[in-house]
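Visitor: Supplied in structure tokens, the structure appears directly below.
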Amino acid sequence: MGQRIDLILVPQGAEYQAVCRGIGRAAAGIVLPIPIGSAPLRQYLHAQQKVGRIVAGQKLLVMGLCGGLIPRYAIADVVLYRECVDRTHPASVLPCDTALTDWLHTKLTTPALVRALTSDRLVSSAQEKHQLAQDYAADVVDMEGFAALDSLYQLGATVAMLRVVSDNAQHDLPNLANAIDQDGALQPLPLAWGMVKQPIAAARLVYGSLKSLNRLQRATTAIFGTNPR
């Protein structure tokens, strides 16, 4: 039995653009760019609910990139979230919708089902990734998943999550913690400075981002073709 996705939520910037390219012309009516980070995202979703853009009964798909926490997951691997745990409230675990996740699984080539950790900050060191994987029994990490599930379930929506791994567990990334402002937007100058200070890690990040964004675009097309409705 088919599914109807009412809205796709994707972190603003390159991830949003990749998903829009994957869908094509229909993207303007179905894809919403969301801020980076839990607090800005909660505010954004509340505002969308107030204007009637997000309502009870909708089926929503959160897409984007994530970081690998265990060696099993390589750059450009597609993962479907089984559940999310929050770093700031480790006892809280929220599941994604099983039926919607199963439908997405049939559209893709052997995507992995994973437990995701939502972090309140960027995770850049391989050592920290290893520790987080042990502490939370998590496979991947992002900055929005748990907050999205929590907020959208309160609004009465059905939610699934698909991400593409953009960095693996074995290597450090540049420390870009200061590159995201309080509104969940990337700041070009701090981003550039963080990359310049760690050129090898920056090169690895660029490579992983380009490869995973291309995979995100292709996964989007595989699911929706040229018309998600």
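The values are calculated or read from the model by the stated rules, or taken from the named source; none is laboratory data. Note that the structure is predicted; figures quoted are calculated from it, not measured. In this analysis, Cβ positions are derived from the backbone assuming ideal geometry, glycine residues included, and neighbour counts consider all displayed protein chains. For accessibility, only protein heavy atoms count, side chains too; no ligands or nucleic acids. Shrake-Rupley method; radii C 1.70, N 1.55, O 1.52, S 1.80 Å.
Visitor: Would you mind telling me the share, in percent, of accessible area of the chain contributed by carbon and sulfur at probe 1.4 angstrom? All intermediate terms of the calculation are to be shown ahead of the outcome.
Guide: Details: 5730 of 10620 Å².
Ligands and nucleic acids excluded, carbon and sulfur reach 54 percent.
Visitor: Can I ask one more? Leaving out ligands and nucleic acids, and using a 1.4 Å probe, what accessible area per residue does the chain come to in Å²?
Guide: Details: 10620 Å² over 229 residues.
Per-residue value: 46 Å².
Visitor: Could you give the dipole magnitude of the stretch 1-74 about its Cα centre, charging the beta-carbon of Lys and Arg +1 and that of Asp and Glu -1, in debye to the nearest 20? Don't skip to the end; give the middle numbers.
Guide: Working: 8 positive and 2 negative charges, 24 e Å.
Here the size comes out at about 120 debye.
Visitor: For the Cα atoms of the chain, what angle does the longest principal axis make with the long axis of helix 188-197, in degrees from 0 to 90, nearest 10?
Guide: 40
Visitor: Please list the non-local residues whose amide H lies under 5 Å from the amide H of residue 54, H modeled 1.01 Å from N, same-chain partners needing a gap of 5 or more.
Guide: 49
Visitor: Divide by every residue of the chain the summed helix terms, -39500 (n - 2.57) for each DSSP H run of at least 4, and state the resulting mean residue ellipticity at 222 nm, rounded to the nearest 500 deg cm²/dmol.
Guide: Values: 7 runs with 90 residues, N = 229.
It lands at -12500 deg cm²/dmol.
Visitor: Could you give me the ³J(HN,Hα) list for the stretch 151-160, computed from phi with Karplus coefficients 6.51, -1.76, 1.60 and θ = phi - 60°, whole Hz, x at Gly and Pro?
Guide: Per-residue couplings from phi come out as 5, 6, 5, 5, 8, x, 9, 9, 9, 10 Hz.
Visitor: If you stretched the chain out fully between residue 4 and residue 74, how much longer would it get, using 0.36 nm times the residue separation minus the C-alpha to C-alpha distance?
Guide: On the way: separation 70, 0.36 × 70 = 25.20 nm, distance 3.00 nm.
Gain on stretching residue 4 to residue 74: 22.2 nm.
Visitor: Let me ask something additional. In nanometres, what is the gap between the two model label sites at residue 183 and residue 211, each 7 Å from Cα along Cα-to-Cβ?
Guide: Roughly 3.5 nm, to one decimal.
Visitor: Moving on. Could you give the nm distance between label points at residue 200 and residue 221, where each point is 7 Å from its Cα heading toward the beta carbon?
Guide: 3.6
Visitor: How much length, in nm to one decimal, is gained on full extension between residue 28 and residue 107, taken as 0.36 nm per residue of separation minus their Cα-Cα distance? Before the final figure, lay out the partial values.
Guide: Numbers: separation 79, 0.36 × 79 = 28.44 nm, distance 2.20 nm.
Difference between extended and current length: 26.2 nm.
Visitor: Still on this structure, I have one more. Can you give the extra length, in nm with one decimal, that the chain gains between residue 125 and residue 88 once fully stretched, where that is 0.36 nm per residue apart less the Cα-Cα distance?
Guide: 11.4 nm
Visitor: Using amide H atoms built 1.01 Å from N in the peptide plane, name the residues 5+ places from residue 159, or on other chains, whose amide H lies under 5 Å from its own.
Guide: The answer is 60, 97.
Visitor: Starting from the exponent 0.38 and prefactor 2.2 Å, build the expected Rg for the stretch 1-67 from its residue count and divide its actual Cα Rg by it. Walk me through the numbers on the way to the answer.
Guide: Working: Rg = 12.2 Å, N = 67, 2.2 N^0.38 = 10.9 Å.
After normalising by residue count via 2.2 N^0.38 Å, the value is 1.12.
Visitor: Can you compute the FRET efficiency between residue 43 and residue 21 using 1/(1 + (r/R0)^6), with r the Cβ-Cβ distance and R0 = 30 Å? Round to the nearest 0.05. Write down the numbers at each step before the final one.
Guide: Numbers: r = 28 Å, r/R0 = 0.92.
Efficiency, from the Cβ-Cβ distance: 0.65.
Visitor: Further, regarding this structure: Could you tell me the ratio Rg/Rh of the stretch 83-123? Both radii from Cα atoms, Rh via Kirkwood. Intermediate results must be reported in sequence, preceding the final value.
Guide: Details: Rg = 12.6 Å, Rh = 11.7 Å.
Expressed as Rg/Rh, it is 1.07.
Visitor: Once both axes come from the Cα atoms, what is the angle between helix 199-224 and the longest principal axis of the chain, in degrees from 0 to 90, rounded to 10?
Guide: In the chain, helix 199-224 runs at an angle near 10 degrees to the longest axis.
Visitor: Still on this structure: About its Cα centre, how strong a charge dipole does the chain have in debye, to the nearest 20, once Lys and Arg get +1 and Asp and Glu get -1 at the Cβ? Mind showing how you got there, number by number?
Guide: On the way: 21 positive and 18 negative charges, 144 e Å.
Using Cβ point charges on Lys, Arg, Asp and Glu, the chain gives about 700 debye.
Visitor: I want the antiparallel fraction of DSSP beta bridges within the chain, as a percent rounded to 5.
Guide: Once the DSSP bridges in the chain are tallied, antiparallel ones form about 25 percent.
Visitor: Taking the Cα atoms only, what angle lies between the long axis of helix 98-107 and the longest principal axis of the chain, rounded to 10 degrees?
Guide: Tilt relative to the chain: about 80 degrees.
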